[in-house]
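Written below as structure tokens is the structure these notes are about.
The values are calculated or read from the model by the stated rules, or taken from the named source; none is laboratory data. Computed from a predicted structure; not experimentally measured. With ideal geometry, Cβ positions are generated from the backbone for all residues, glycine too; neighbour counts draw on all protein chains shown.
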Amino acid sequence: MGQTDGFLQFNRELPSRRPIRERVNDFNEFIERYSNEKLNQQAARCMDCGVPFCHNGCPLGNEIPAFNDAVYRQSWKEAYEILSSTNNFPEFTGRICPAPCESACVLSINLPAVTIEEIEKHIIEIAFEKGYVKPRKPVIRSGKKVAVIGSGPAGLAAAAQLNSFGHTVVVYERDDLPGGLLRYGIPDFKLEKWVIDRRIKFLEEEGVIFKCNVHIGKDISIDEVRIEFDTIVLTGGSTVPRDLGLPGRHLKGVHFAMDYLKQQNQRVARLDLMNENILATGKHVVVIGGGDTGSDCVGTANRQRANSVTQFELLPKPPAARTLFMPWPVYPMVLKTTSSHEEGAIRQWAIATKEFIGNSEGQLTALKIATLEWSFDEDGKLQKFIEIPNSEVVIQCDLALLAMGFIHPEHNGVVDYLGLDLDERGNVKADEKKFETSVKGIFAAGDIRRGQSLVVWAIAEGRECARSVDKFLSSL
């Protein structure tokens with residue numbers, strides 16, 4: 001490594017952020033760039049640890065110590081080539097990945113981890129600025145055609161890899177623009193959409209064909225696709241949200257989180273809204289669900305000038321640091337305070353929603369909630385909960401956003417028509433190594449196969465699936 005004692009000389013330091021009072025006035029990204037000196041120092045903290053567990057922590061297997069060393073030496077082209085050899089889209093993961101690599105960093109055993117995610121983002125942005133990122137068209141085409149259904153991170157990764165192998169790839173997207181979750185699930189203040197557009201442009205220049213506003217099974221029959229293409233890759237994601245079947249669920253003002261987030265992204269992009277306007281402006285907002293999607297709703301509601309924002313989580317409050325039951329290097333389930341939380345929100349844990357309450361006009365006005373008490377087994381794992389007697393209260397709420405995750409992909413359409421086998425959770429069943437479904441020549445990757453997960457896992461699955469598809473096409 002460039003400076004073997006760097007972790008002793010420098011502390012972990014994240015880039016500065018635009019002040020809260022300023023950034024809540026727009027939907028732009030607010031994390032600044034490191035100075036050259038700070039970037040050099042942060043890269044220097046990566047030590048010669050012998051066995052880099054960060055490789056295992058990263059689903060993509062990024063060569064993290066190698067690119068950190070290149071950054072320390074300011075060898076930017078080398079750093080980019082190392083990073084891009086395992087990650088097709090570091091500009092995405094460098095912005096929105098929860099960085100399991102940092103949890104597995106050897107330094108994090110007793111010190112703050114290396115700022116791997118930020119360094120990754122800096123590598124790719126510097127590479128774009130210096131002109132190192134160039135379209136790489138295949139020299140020879142195989143004559144084989146692949147249809148990728150879904151343009152989220154898994155679909156984009158699969159398309160990029162299959163195109164590089166020389167196959168002709170057409171990506172079908174039912175929305176008006178490609179990107180899937182990246183475009184319509186992630187708020188612009190975390191990922192501005194020019195970042196996606198820039199990458200799509202490069203993929204198109206490399207030969208990937210995008211066809212948007214095309215819903216396979218409705219606009220084009222599945223049989224037509226099977227006739228035209230040698231194989232199909234399903235990357236439609238896990239899009240059926242978990243619901244709450246409670247009294248008052250039908251009231252105006254109760255919405256799924258993703259409907260709310262997608263609509264705001266459409267506003268930022270100046271696209272036409274197809275459905276009822278969902279806005280937090282002047283309202284008392286309650287976000288039900290304590291994960292990243294819920295956090296994104298908090299940040300969006302703050303920017304829309306909500307009167308108040310409250311976030312509920314069914315589970316108890318996580319510990320602030322690792323416990324005996326979260327040993328290094330496993331990803332720890334510890335308390336996470338996001339930038340959206342810092343901007344303002346009331347957070348409550350171990351809360352159960354009992355009823356949505358409305359007025360005579362069918363408008364949501366309040367929630368009935370109760371406090372829970374959780375029990376743990378001898379290993380510290382959650383077992384069950386009971387409702388604390390007499391803990392029910394009614395709180396004011398004009399807008400309730402259901403952010404409790406997704407249960408499985410949509411079955412109605414391609415999945416049912418093809419008769420694909422499903423696993424016990426309702427995901428498309430596919431071989432863990434080959435990614436082939438129960439129907440020969442049909443492959444699945446990303447959340448549609450593994451269930452709701454991380455963007456970095458979707459990219460990894462798309463890449464691995466592409467390898468299997470290439471082997472399959474070579475045998476035809």
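Numerical summary
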{"item": "Selected residue (criterion: nearest to N302 (Cα to Cα)) from residues of the stretch 354-381 that are polar (S, T, N, Q) and surrounded by 13 or more Cβ atoms within 10 Å (Cβ to Cβ)", "result": "T365"}
{"item": "Selection status of S360, modelled with pLDDT of 95 or more and of a type in the set (S, T, Y)", "result": "yes"}
{"item": "Any pair with Cβ under 6 angstrom, 6 or more apart, that starts in the stretch 65-77 at a residue that is free of Cβ contacts under 8 Å to residues at least 60 places away in the same chain and ends at one that is part of a loop (DSSP other than H, G, I, E, B) and not basic (K, R)", "result": "K77/Y132"}
{"item": "Selection count where residues are surrounded by fewer than 19 Cβ atoms within 10 Å (Cβ to Cβ) and within 16 Å of the chain's Cα centre (by Cα), scope the stretch 263-291", "result": "1"}
{"item": "Whichever residue in the stretch 1-54 is surrounded by 19 or more Cβ atoms within 10 Å (Cβ to Cβ) and of a type in the set (G, A, S) and, among such residues, is farthest from the chain's Cα centre (by Cα)", "result": "G6"}
{"item": "Filter result for the condition that a residue is surrounded by fewer than 24 Cβ atoms within 10 Å (Cβ to Cβ) and part of a strand (DSSP E or B), over K190, K211", "result": "K211"}
{"item": "Filter result for G446 (surrounded by fewer than 18 Cβ atoms within 10 Å (Cβ to Cβ) and in contact (Cβ under 8 Å) with a residue 60 or more places away in the chain)", "result": "no"}
{"item": "Top-ranked residue in the stretch 78-105 [being touching a Gly at 6+ places or on another chain (Cβ under 8 Å) and assigned to a helix (DSSP H, G or I); ranked as nearest to W328 (Cα to Cα)]", "result": "S103"}
{"item": "Of all residues in the stretch 45-64 being part of a helix (DSSP H, G or I) and either polar (S, T, N, Q) or under 22 Å from K130 (Cα atoms) (or both), the one that is modelled with the highest pLDDT", "result": "I64"}
{"item": "Selected residue [closer than 30 Å to S84 by Cα and of a type in the set (A, V, I, L, M)] from V240, V208, V225, V214", "result": "V208"}
{"item": "Residue match in the stretch 330-347 (condition: at pLDDT below 95, under 29 Å from I96 (Cα atoms) and not in a loop (DSSP other than H, G, I, E, B))", "result": "no"}
{"item": "The stretch 1-31: number of residues that are of a type in the set (D, E), over 30 Å from C105 (Cα atoms) and in contact (Cβ under 8 Å) with a residue 12 or more places away in the chain", "result": "1"}
{"item": "Test: residue in the stretch 166-182 that is farther than 15 Å from V233 by Cα, touching a helix residue (DSSP H, G or I) at 6+ places or on another chain (Cβ under 6 Å), modelled with pLDDT of 95 or more and assigned to a helix (DSSP H, G or I)", "result": "yes"}
{"item": "Pairs with Cβ under 8 Å, 6+ apart, first in the stretch 304-323 and in the same structural domain as V287 (by TED's automatic domain parsing), second basic (K, R) and outside any strand (DSSP E or B)", "result": "A306/K283; N307/K283; P318/K336"}
{"item": "Matching residues, the stretch 25-44, being assigned to a loop (DSSP other than H, G, I, E, B), touching a Phe, Trp or Tyr at 6+ places or on another chain (Cβ under 9 Å) and of a type outside the set (S, T, N, Q)", "result": "D26, F27, E29, F30"}
{"item": "Selected residue (criterion: surrounded by the most Cβ atoms within 10 Å (Cβ to Cβ)) from residues of the stretch 325-353 that are touching a Ser or Thr at 6+ places or on another chain (Cβ under 7 Å) and touching a residue at least 60 places away in the same chain (Cβ under 8 Å)", "result": "P332"}
{"item": "Considering residues of the stretch 450-469 that are over 15 Å from the mean Cα position of the chain (by Cα) and not small (G, A, S) only, the residue surrounded by the fewest Cβ atoms within 10 Å (Cβ to Cβ)", "result": "R467"}
{"item": "Every pair of residues 6+ apart whose Cβ atoms lie under 8 Å, when the first sits in the stretch 400-411 and is among the charged types (D, E, K, R) while the second is in a loop (DSSP other than H, G, I, E, B)", "result": "E410/G236; E410/T239"}
{"item": "Matching residues in the stretch 309-324 - criterion: being surrounded by 14 or more Cβ atoms within 10 Å (Cβ to Cβ) and among the basic types (K, R)", "result": "R322"}
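For (1) touching a residue at least 60 places away in the same chain (Cβ under 8 Å); (2) of a type in the set (V, I, T); (3) in contact with a Leu (Cβ under 7 Å, 6 or more places away or on another chain), each residue gets a yes or a no:
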position: T93; (1), (2), (3): yes, yes, no
position: C101; (1), (2), (3): no, no, no
position: I123; (1), (2), (3): no, yes, yes
position: K130; (1), (2), (3): no, no, no
position: P135; (1), (2), (3): yes, no, no
